[in-house]
Amino acid sequence: MRRLWRLSSLRRVRSSHVLIRTLSTTNGANTNAAAVEKPYYVTTPIFYVNASPHIGHMYTMVLADSFKRWQTLKGNKALLCTGTDEHGMKIQRAAALEDVPPRQFCDANAAIFKDLAQRSRIDNDFFVRTTDPDHVEAVKHFWFLLNQKGFIYESKHEGWYCVSDECFYPESLIEKTVDPMSGQVRMTSIETGSVVEWTQEKNYHFRMTALKDRLLQFYEQNPEWVVPASRMSEVVNWVKNNLEDLSISRPVDRLSWGIPVPDDPGQTVYVWVDALINYLTKAGFPGWTPGAEHAGGWPADVHVIGKDIVRFHCVYWPALLLALDLPLPKRILSHAHWTLGRKKMSKSTGNVVNPFFAIERWGADPMRFFLLHDGGIAYDSDYSNAAIVERYKKLLQWGTGNLTSRITRPKSWDVRFMVETAERLPPLGEKPSLLSEQRQLLLVLPEAVSRHMDQLNPAGALKEIMAVMTQTNKFVTDAEPWNLVKAKDLKLRDEQRLRWTIYLAAEALRISGILLQPFIPDKAEEMLDIVGVDRTRRRFEDARVGADFTYGTPMRDPGKSAYDGLFPPLPVED
Ligand code: MSP
């Protein structure tokens, strides 16, 4: 696998003629290559570098990261790609405004997004930049193939271009509005409110209308391709009613900051075509090994995107791929937005939360937890510090931290002994009891979490785990093990009840700790260290009641009180 990967990277830097030959030989499938397993492949959108990241960007990264880590937990090879979208008019103008060369502007801002990924504990395998040489090569080759297959033609284009959204809008989606700051009348997009400019130019077009039937057929056969499925009807309607050929280049005298159209240096590739191809670049396109085109992960298992870029991913992207007969991504997760004061958080309006400050203040894992637990898929969520504090206190500090401390701290029982001897405990009777109900709760948890993750719903998964934490706290309170240990001459039945209680509470910590790893990786690791779970026994398959009797010797101090361990008090609350 590694070797193939290196080979394909080597091929990528050769001339496009070699690349064309490589692709055209893919029919003679190489059986060894075909035996290479396809990794699970997750992507985030690539971020425009014209402004600093905000919480919405961190959300999209963390969602994608939870899917990658979930697959890793399940023992599957998984790849995650994130990165930056660096070409186009928007970036060209932003760089000009700061009076720095675009390349320098992009280098500085891409580094900030890279830093955000690191601080958010994103386990990305790639950080793609659209200015990377391998990406430029991939785009040129993609263009070459589109042209070769007759999907590109040249014509004059007139229309309303929106630099902020980097797309043309039809007349029917434009309105006159008044700028509240200057009082000036301007033309804006009805959908996004961004200003549009009238442009007239010669450019290349992609025959997207030729793919209309294939697109509609694909949607019909794959009604669950977009999550949530409700977004599919918007996509279908749009294709039925608005599909036009797509302008896919701009004259270089207007847009010079981009990838030149192969064989026509007078034109620059449209930034969205350039950007979408990033998903293929890091999957090894076009230097795929014949017969093992899937080795780099393509087709993607899930593209995570925000709801504002559904059309690009659910219409333009599949149309481009269909034109080249390339496999389509398996699913698109379109999430809702974070709002602040119920208004969309956006760099153009300035009402944004800086994720670096938020991580500094609350910690990376508490922020990941909050975003995943409260972030919307179908509906927007409003961001507030009060909500972060509330989740932290109730679910992390009390629910998880306090439970860990209640079970692992007391000197009056020995978790290691309870775990070691649990195998020899008499089975729980048929009659429902506190103990059997607690056991049942743990037995069904992993599959419940797994079902949510299969549906791309980390919030649902987290809620299942937190419900078990809350219920286990109640179970321990009701079972009162501290009274049992105090009693002199404990009867055998009570002794067994005590042992089952501590064991099942410890199992709740172990199993939940394992399942929490994709969401709050550092805190889950600390938790499993406190519970003394061996590093090699933290896989999904270990998250079963009775799968491990070796744990219970702490590798980390649980702290002196319930509140100075895993989730200490927050520094400042407001
Ligand atoms: N560059 C394009 C994506 C190209 S992908 C081939 C782009 N960039 S962006 O920087 O404007 O946005 C990146 C992502 O952040 C998008 O998925 C967008 O939906 C998401 N968000 C932007 N604002 C957001 C919120 N307020 N809340 C949640 N996500 C939001 O679009």
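The values are calculated or read from the model by the stated rules, or taken from the named source; none is laboratory data. Everything numeric here is computed off the predicted structure, so don't read it as measured data. Note that we place each Cβ from the backbone using ideal geometry, even for glycine, and neighbour counts take in every protein chain shown. We work out accessible area using only protein heavy atoms, side chains counted, and drop any ligands, DNA or RNA first. Shrake-Rupley method; radii C 1.70, N 1.55, O 1.52, S 1.80 Å.
Figures for the structure shown
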quantity: Long pairs among Lys202/Lys282; Lys394/Lys463; Lys149/Lys212, criterion Cα-Cα beyond 22 Å; calculated: Lys202/Lys282
quantity: Estimated FRET transfer efficiency (Arg93, Asp245; beta-carbon r; R0 30 Å; 0.05); calculated: 0.70
quantity: Rounded accessible area per residue of the chain, 1.4 Å, Å²; calculated: 43 Å²
quantity: Residues whose placed amide H lies under 5 Å from that of Val128, excluding near-sequence neighbours; calculated: Thr82, Gly83, Thr84
quantity: Accessible surface of the stretch 385-564, 1.4 Å probe, proportion on carbon and sulfur as whole %; calculated: 50 percent
quantity: Per-residue HN-Hα couplings for the stretch 182-198 [Karplus 6.51, -1.76, 1.60; θ = phi - 60°; Hz; x = Gly/Pro]; calculated: 9, x, 7, 7, 9, 9, 9, 6, 5, 5, 10, x, 7, 5, 10, 10, 6
quantity: Cα-based Rg of the chain normalised by 2.2 N^0.38 Å, two decimals; calculated: 1.10
quantity: Rg/Rg_ref, the stretch 262-345, where Rg_ref = 2.2 N^0.38 Å and atoms are Cα; calculated: 1.32
quantity: Cα centroid separation, the stretch 195-253 to the stretch 495-560 (Å); calculated: 49 Å
quantity: Among beta bridges that DSSP assigns inside the chain, antiparallel share in %, nearest 5; calculated: 55 percent
quantity: Cut-off under 5 Å, modelled amide H: who pairs with Gly306 long-range; calculated: His335
quantity: Charge sum, other residues only, whose C-beta stays under 13 Å from Trp398's C-beta, Lys/Arg counted +1 and Asp/Glu -1; calculated: +4
quantity: About the Cα centre, charge dipole magnitude for the chain (Lys/Arg +1, Asp/Glu -1 at Cβ), debye; calculated: 1360 debye
quantity: Alpha carbon centroid spacing (whole Å) that separates the stretch 435-477 from the stretch 368-383; calculated: 20 Å
quantity: Solvent-accessible surface (1.4 angstrom probe) belonging to Trp272, in square angstrom, nearest 10; calculated: 20 Å²
quantity: The stretch 385-564 - Kirkwood radius from inverse mean 1/r over Cα pairs (Å); calculated: 16.6 Å
quantity: Candidate aspartates and glutamates - alpha carbon under 16 Å from Lys176, same-chain residues fewer than 8 apart omitted; calculated: Glu191, Glu197
quantity: Area of Glu137 that stays accessible when all protein chains are in place (1.4 Å probe, Å², to 10); calculated: 40 Å²
quantity: In sequence order, calculated HN-Hα J values of the stretch 223-232 (Karplus, 6.51, -1.76, 1.60; Hz; x Gly/Pro); calculated: x, 9, 5, 9, 10, x, 4, 4, 6, 4
quantity: Compactness of the stretch 486-564 - radius of gyration and Dmax, Cα, Å; calculated: 14.3, 45
quantity: Cα gyration tensor shape of the stretch 363-456, rounded if a/c is under 1.5, else prolate or oblate by comparing a/b with b/c; calculated: oblate
quantity: Of the trypsin sites (Lys or Arg not before Pro) in the stretch 420-468, those whose Cβ has at most 10 other Cβ within 10 Å and which sit in DSSP loop; calculated: Arg424
quantity: Candidate lysines - alpha carbon under 16 Å from Lys343, same-chain residues fewer than 8 apart omitted; calculated: Lys307
quantity: For the stretch 442-481, diffusion coefficient by Stokes-Einstein and Kirkwood Rh (Cα), 4 °C, 1.567 mPa s, µm²/s; calculated: 120 µm²/s
quantity: Pairwise centroid distance, computed over Cα atoms, of the stretch 404-418 with the stretch 136-189, Å; calculated: 64 Å
quantity: 5 angstrom amide H check on Leu79, placed H, neighbours 5+ away; calculated: Tyr40, Tyr41, Val42
